[in-house]
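What follows is a single structure, written as structure tokens, with notes after it.
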Amino acid sequence: MSEQPQATTLPQEQDTLIIDDGVIEKIAAVVARSIEGILDMKGSLMSGFASSFGGSEKTSKGITASVDGAAASIEIKAILEYGASAPLIFDKIKTEVRREVKEMTGLDVRDINFRVVDVMTKEEFERASKKAQNAQQ
């Protein structure tokens, strides 16, 4: 009786690329801060200055993201400059955040919620920033 060759099953590759929520938050934060009309992201001015002087406030303050499979959901909370158009800024946010996230991670952005938490003039914002900075010293 001749022995039949045994079929061998080779292990299949199971490569995985995982993108953490924090990466999406950081990308969205960088994009949002580059859009004219956004003065700051949600978070106290004090915490913003703490982060710029080595504090622990993360660079993605005001951004929350959740990655589920091949898609992400993002919430952005921002302070707008008085007189800026929230709908125009929102359109720009949607376009630019989706493009950057897709380009950098390969993920699609399922939804973006943009919450305007305050409006301030540049002068108001600068005064509040200066006051917060002085309080830090």
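Among the residues in region 12-34, are any modelled with pLDDT of 90 or more and in a strand (DSSP E or B)?
no
Within region 117-134, can you find the residues that are among the basic types (K, R) and farther than 23 Å from F90 by Cα? Reasoning before the result, please.
So the first thing to find is which residues in region 117-134 are among the basic types (K, R), and the list is 122, 127, 130-131.
Matches in region 117-134: R127, K130, K131.
What are the pairs with Cβ atoms under 6 angstrom where one residue, in region 9-32, is touching a residue at least 24 places away in the same chain (Cβ under 8 Å) and closer than 10 Å to T59 by Cα and the other, located anywhere, is of a type in the set (F, W, Y) and open to solvent by 30 Å² or more (accessible area, probe 1.4 Å)? Sequence gap at least six, or different chains.
none
Name the residues in region 71-120 that are assigned to a loop (DSSP other than H, G, I, E, B), open to solvent by less than 70 Å² (accessible area, probe 1.4 Å) and touching a strand residue (DSSP E or B) at 6+ places or on another chain (Cβ under 9 Å), would you?
A84, L107
The values are calculated or read from the model by the stated rules, or taken from the named source; none is laboratory data. Note that this is a predicted model, so its numbers are computed, not measured. All Cβ positions, even for glycine, are placed from backbone atoms using ideal geometry, and neighbour counts span all protein chains on display. The accessibility values were calculated without ligands, DNA or RNA, using every heavy atom of the protein model including side chains. Shrake-Rupley method; radii C 1.70, N 1.55, O 1.52, S 1.80 Å.
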